[in-house]
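To start, the structure itself, in structure tokens.
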Amino acid sequence: HVVSPAPSPPGPGVQASFAQMGTPLSEVVFVVVDLETTGAKPGPESITEIGAVKVRGGETVGEFSTLVNPGQPIPAFITSLTGITTAMTARAPRIAAVIPSFIEFLSAGPSTVVAAHNARFDIGHLRSAAQELTLPWQEPRVVDTLALARRAWSRSEVPNHRLGTLASFVGSP
């Protein structure tokens, strides 16, 4: 359950009822977000790709995916990490054309939670781009899967907490 405004919990040592626990997970909208960037500091010229899937009750209810022209060359070391080249983004829209619809995509209601691996990075880039473009930005509720992974699996269980490593470890494509 995700905690949300609900009736006061019972006193210490008394188990809460379902009504007191908040919104059931089956009713929470999760927006799973992944960004790729130029490696530059957060801002409107750093994002090269935005991908997101909106899920409610285990069902995909929306998808958002676009390359973004950062207005600058993508460094070779970033291309080697992401596979995204300057040529691939040359005809893509600039962030100013993309981010208003992405902010709308994120805004699914009060039970929406953004999930991202290293969420501070992705949310920081999105927040900075919105602010520099003077667009309204409402801080989302966030679940950071990197933080969760670090609590779930030690270095003796997985060599690192990169998304690809974890996906392989749990048998996910």
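Ignoring any ligand, DNA or RNA, what whole percent of the accessible area of segment 40-173 comes from carbon and sulfur when the probe is 1.4 angstrom? Spell out each step's value before the answer.
Details: 4310 of 7870 Å².
Here it works out to 55 percent.
Taking all protein chains into account, the per residue accessible area for the chain stands at 59 Å² (1.4 Å probe).
The length gained by stretching the chain between Arg120 and Val53 to full extension, at 0.36 nm per residue less their Cα-Cα distance, is 22.3 nm.
For Thr112, the amide hydrogen comes within under 5 Å of the amide hydrogens of Val29, counting only partners 5 or more places away or on other chains and with H modelled in the peptide plane.
Restricting the calculation to alpha carbons of segment 55-104 gives Rg and Dmax of 13.9, 40 angstrom.
Between Arg151 and Glu27, what FRET efficiency follows from the Cβ-Cβ distance if R0 is 22 Å, with the result rounded to 0.05? Don't skip to the answer; put the middle values down first.
Numbers: r = 25 Å, r/R0 = 1.13.
Calculated value: 0.30.
Evaluating 6.51 cos²θ - 1.76 cosθ + 1.60 at θ = phi - 60° for every residue in segment 131-145, the Karplus couplings come out as 5, 5, 8, 6, 9, x, 10, 10, 4, x, 6, 10, 10, 9, 5 Hz, glycine and proline recorded as x. Close amide-amide hydrogen proximity is noted between Arg94 and Asn69, each under 5 Å apart and 5 or more residues distant or on a separate chain (H modeled in the peptide plane; Pro and chain starts excluded).
Quick one: dipole size for the chain, taken about the Cα centre, charges +1 on Lys/Arg Cβ and -1 on Asp/Glu Cβ, in debye to the nearest 20.
The dipole of the chain has a size of about 300 debye.
The distance linking segment 85-143 with segment 37-58 is 6 Å (Cα centroid to Cα centroid, whole angstrom).
For the pair Ala97 and Glu63, the difference between a 0.36 nm per residue extended length and the Cα-Cα distance amounts to 10.5 nm.
Kindly provide the helix-only [θ] at 222 nm of the chain, computed as the sum of -39,500 (n - 2.57) over DSSP H runs of four or more divided by all residues, to the nearest 500 deg cm²/dmol? It lands at -9000 deg cm²/dmol. For segment 24-148, the equivalent ellipsoid derived from the alpha-carbon gyration tensor has semi-axes of 25, 15, 13 Å in decreasing order.
The values are calculated or read from the model by the stated rules, or taken from the named source; none is laboratory data. In this text, all values refer to a predicted model and were calculated from it rather than measured experimentally. Quick reminder, even Gly has a Cβ in these numbers, built from the backbone with ideal geometry, and neighbours come from all protein chains shown. In case anyone asks, the SASA skips ligands and DNA or RNA and just uses the protein heavy atoms, side chains included. Shrake-Rupley method; radii C 1.70, N 1.55, O 1.52, S 1.80 Å.
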